[in-house]
Structures are given as C-alpha cells and as structure tokens.
Amino acid sequence: MLLCSLLVIFAPVSEQSDWPTLLAPSSVFEGDSIVLKCQVKQNRKIKTMSYYKDGRELFLSTYVSNFLIQRALFNDSGQYHCAISGQFIFSWKKTSEAVKIKVQELFPPPVLTVSPSQLTEGTPVTLTCETWLPPQRLDTELQFFFFREDQSLGPGWSRSPELQIPTIWSQDSGSYWCEAQTVTHRVKKQSLKSHIHVQRVPVANVSLETQPPGGQAIEGGKLVLFCSVSEGTGNITFSWHKDATETSLGNKTQHSLSAELEILAVRESDAGKYYCRADNGHRPIWSEVNVTVRIPVSRPVLTLGLSGAQATVGDTVELHCEVRRGSPPILYWFYHEDVILGNSSASFGGGASFNLSLTSEHSENYSCEASNGLRAQRSHVVTLNVTGPDGYRRDLVIAKTLGGLFGVLGFVAVALLFYYWYQKTSGGSSAYNASRGPFSPGSQESTYSSPLPAVEELQLMYANDETTHPSPLTVTEELQPAYMNVGAADTDVVYSQVWCTQQTEGSANIRKTFLEIKLQSVNNL
C-alpha cells in the first residue's frame, strides 16, 4: 500500500484557537489509501468526532479517530471536513475548514493495437496493450492479460505489454481485448474490444505432376498424381478429374499446400488427360497433365518362312518374330540355340524378320526375344531340320556320333592287325636268321612251317605314332635277293628286306620294317 504524505492544512486562525484542523494527502491517485485526520489543539474533552464529504456525514465516532479510505476511486474526489462536539456547562460543536481532494488517474484504460493492421493467414501477429503512467508514478509496476472472445491468450498475466502469435489463421478472426493492472491488484482496467479479421491467401500456381515422371505409366504398375500450389492459406480442397469430366476421381481437404491421389493398378484405358483442382474459398484454379500407358511386351511368337516344303542346305529361311501386345519401339533378337544370330527393331510396333542362308550346321532349335525397355520375353523354341543337297536327311548329332564310333573301331582294327603282323613277323624272322642266315641260290631247304599265301603282292606298314605324321624314312641297309625252293612247286620266292630308321626330336631311332613278298615264276628271273 502506498502511503501518501500528509499535508497539514491549517485553517485560518479564528478568534478561538481550539478549532479542529483536517489533515489530508496533497496528491491522491486511484488505488491509493487516503487517511483523514481531524486534529485538535486544545486538549479538551471531546464527546464526538465526525467526517464529512461534500456536506454529507461519512463517519461518526465517540472518540478521537482517523478516517480511512482503503482504495481511492474517482468518485472519492470532493470537499472534506471534520467536526468535533462536547459539553462544558453547555453543549458545543466546532467544524474544521474544508479540504478539497481530487483522485487522479493512475493510468488510462489500455488500447489494444495489432501489427500488421491487415492480417492474412499464415503470417505472424503482434498484439500490444498500450497504456502509460504519470511522471509521479513511473515506478508503478503493471501487468497485462490478452483475450480473444471468451478465451485467454498467452501464458496469462505478464509484465510484457506485447503478445506474439507466430501464425494466425482465418479461424482466429474475432474480438480481442486486453487488461492492465498494478501488481498490487489495486487498479485494473480493460481495453475496448477490437474485431480482428484474418484474410485468406488465395491459392496460386497449381501444379499437377506424376510418378513415374512425365506421365509415363506402366500397365499394371502404380500411378501417383501430385497436386500442389505455391501459396494459399486455410484448408485447401484438392480434387482430381479425367478428360475434363465433372466426375471426381477423388478429393482431399487438408491444411496443406499439396495432396496426392494413387491409382494402384494402371490399365490401358487409364491413358488420357488428367486435371487437378485446388480451392480454399476463393476462386478455384486448375492444372493438367497428359498420361500415357506403356504396355510391356507379351511373349513373342516365332515363325519360320521356307521357300519349299523342306529346308535344304543353301536355302534362305525367314525368321519372323512378333508380339501381340507391347508399346513400341520393340527390339527383337534371334537365336540359334543360345547363340545370337542378329537383331532388328520395330519402331512403330509389329514384328521383325531375319533372313538366314542355311548350311548343314543350321539344324536344331531356334527362338527369339522381344523387349521394349519394360520387360523382355522369350518365345517358345522352334526346331528346324536341314537336309543335304542329295535329298538325304543329315542329322548332325547322329553323324557326329557315328563318326566318333567309326574312328574308335578303325583304331582298334589297325591295332589288332599290327599286333597280328608283329607276332607273326617277329616269330618267322628270328627263326630264319638263327638257322640259315642270308639266303643263297643253292639252298634247297625251307624255313617256313606253313606255305606262303598265294597272293600277288602283300605290303604291310607299321606307323609308330598314330597322332603325328611319320618323319621321313632313311634307308640304312638293303639285302640282295635270295632264292628259296619250296617243296616241289615250280615257284621261287624272292625275299628282300629293308631296314629303315625314323628320326624324331629328343628320342631314340625308331626302326620300321617293310616286308615285300613277291611271287614270281623262276622262268621270269
């Protein structure tokens, strides 16, 4: 409580020096406590003491007492005096001079100000509760409170006259006011109500985008339509339409600058022009995008075009590969077994062909593959049998198998023949050389235990290496003819034996023997 200094007001000196004097503060502000004191100089017996305002009695006491106004208000201003009464032989009453008291305003009612004055959604706002104090009371502390409609704003009572609202929206429109009071709560004042209107920002620059980008949807895949605006406040309603129809594919209302619509499984019929509409209560705006649906290729079909009824070596066959469905361009590959023969492109759809000149190796399986960048598909296998020019069918697999089999059988036959010759030759030659040595014309004995074969000429040759060609042979020794009479027959046998050596790099000399047996008549020698 602020105690006011008392100004002693001396009433004009009258003839009687015992008249009472009213003591009151010289300066009073609203909210102050006012103490009125009726002072008497003569100590005489006082029966009553009373206080008056504007001639109306405020307080009457049977003893000497002060008069207290707890919290001064403007209506406490006026003319104040006091009176005392007593009895000494006779009754008496004396009145003090009047004292004027004026209660001053501590601070005027606050004024609520808004910055900026024109409010749009999504912008920050500052509310200020403005008031001021007189120079005599600048040390008085005030606190402030803000209200909207029937709701309090901010943290409550605060010593700051400002309230910051980070973002204001159209639903925040309404009546605002503030209150200011001293920290002692003795004086409280309220501002006038101010209506605040928050304007919406119209939507602008609407954009419609797709995922996949560019409106290139894939049949069976997902298509997402993104609708967005660069600005616009409040709740925005987004709706999507196809081919400028009033029928909506979907709509969303939300406090956001963008929204999306999903088509989970795209069909070929979903191709076309799509529109997005955005509206927040002002005029709506539109955007559009063209969507194309790309179709993955189906399984291709491979056909073989022949000039005749049967494929023969030297013919030209046309391999034609085509898909029933698929967005162009389409690239085709042609395969023989798993080997790529070539490729061809169909820029505007349809099929593609590849011409092949047949050889004996072009039998067996053919296939083709198609792709348009979305998916690759392989055709079923088509088998082609190529025959030789004599009309007989040549199966490459069987020919290779038989060739290998005959090669093995031939090698076995040669090995057996050599083995037989070697056994026979080594047995006969060693017996002869051991008993007779070289033949002589006079010899009449035969060294053979069995007759010689009656053939005109027999020539045997043994090659040491089956896999490499024999090296040139070098004649190292030749025996002169020798004659031998065999039994009583009129036939002579002439033997000649030649020993040859074969030089191989890094190996010893390998001996090879040629035996030539000629049956001639003796008369012809």
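Against the list (1) part of a strand (DSSP E or B); (2) open to solvent by 20 Å² or more (accessible area, probe 1.4 Å), the condition Thr184 fails is (1). Condition first: open to solvent by less than 40 Å² (accessible area, probe 1.4 Å), within 28 Å of Pro108 (Cβ to Cβ) and in contact (Cβ under 8 Å) with a residue 60 or more places away in the chain. Can you find one or more residues in segment 165-175 that meet it? Checked segment 165-175: no residue is open to solvent by less than 40 Å² (accessible area, probe 1.4 Å), within 28 Å of Pro108 (Cβ to Cβ) and in contact (Cβ under 8 Å) with a residue 60 or more places away in the chain.
Within segment 94-110, the residues that satisfy the criterion of being outside any strand (DSSP E or B) and in contact with a His (Cβ under 7 Å, 6 or more places away or on another chain) are Ser96, Glu97, Ala98. On the stretch given as segment 212-243, residues that are in contact with a Phe, Trp or Tyr (Cβ under 7 Å, 6 or more places away or on another chain) and part of a strand (DSSP E or B) total 5. Scanning segment 94-133 for residues that are of a type in the set (Lys, Arg), closer than 19 Å to Glu30 by Cβ and in contact (Cβ under 8 Å) with a residue 24 or more places away in the chain turns up just one, Lys102. Is it the case, given these coordinates, that Ser191 is in contact with a strand residue (DSSP E or B) (Cβ under 6 Å, 6 or more places away or on another chain), free of Cβ contacts under 8 Å to residues at least 12 places away in the same chain and over 23 Å from Leu374 (Cβ atoms)? No: the conditions fail for Ser191.
Would you check if there is a residue in segment 325-333 being assigned to a strand (DSSP E or B) and open to solvent by less than 50 Å² (accessible area, probe 1.4 Å)? Checking segment 325-333: at least one residue is assigned to a strand (DSSP E or B) and open to solvent by less than 50 Å² (accessible area, probe 1.4 Å). When Gln143, Gln136 are screened for being assigned to a helix (DSSP H, G or I) and either touching a residue at least 12 places away in the same chain (Cβ under 8 Å) or touching a Cys at 6+ places or on another chain (Cβ under 9 Å) (or both), only Gln136 passes.
Here Arg71 fulfils each of the conditions (1) more than 30 Å from Glu162 (Cα to Cα); (2) not in a strand (DSSP E or B) apart from (1). Considering Gly234, Gly156, Gly215, Gly221, the condition of being in contact with a helix residue (DSSP H, G or I) (Cβ under 6 Å, 6 or more places away or on another chain) and either farther than 27 Å from Asn280 by Cα or modelled with pLDDT under 95 (or both) is satisfied by Gly234 alone.
The condition (being assigned to a loop (DSSP other than H, G, I, E, B), farther than 22 Å from Gln136 by Cβ and not assigned by the TED database to the domain that holds Cys178) is satisfied by just one residue among Ser85, Ser91, Ser65: Ser65.
From (1) at pLDDT 95 or above; (2) more than 23 Å from Leu73 (Cα to Cα); (3) of a type in the set (Phe, Trp, Tyr), pick out the condition that doesn't hold for Phe107. Failed condition: (2). Taken residue by residue, segment 293-314 has at least one member that is modelled with pLDDT under 90, surrounded by 14 or more Cβ atoms within 10 Å (Cβ to Cβ) and in a loop (DSSP other than H, G, I, E, B). With respect to the conditions (1) at pLDDT 85 or above; (2) polar (S, T, N, Q); (3) part of a loop (DSSP other than H, G, I, E, B), Ser50 falls short on a single one, namely (3). Just to be sure before I move on: is Lys273 part of a strand (DSSP E or B), more than 25 Å from the chain's Cα centre (by Cα) and not assigned by the TED database to the domain that holds Tyr366 in the structure I sent? Taking the combined requirement at face value, the residue satisfies it.
Note on segment 111-133: among residues that are under 30 Å from Ile236 (Cα atoms) and assigned to a loop (DSSP other than H, G, I, E, B), the one that is most open to solvent (accessible area, probe 1.4 Å) is Gln118.
The values are calculated or read from the model by the stated rules, or taken from the named source; none is laboratory data. Since this is a predicted model, take the numbers as computed values, not measurements. All Cβ positions, even for glycine, are placed from backbone atoms using ideal geometry, and neighbour counts span all protein chains on display. Accessible surface areas use protein heavy atoms only, side chains included; no ligands, DNA or RNA. Shrake-Rupley method; radii C 1.70, N 1.55, O 1.52, S 1.80 Å.
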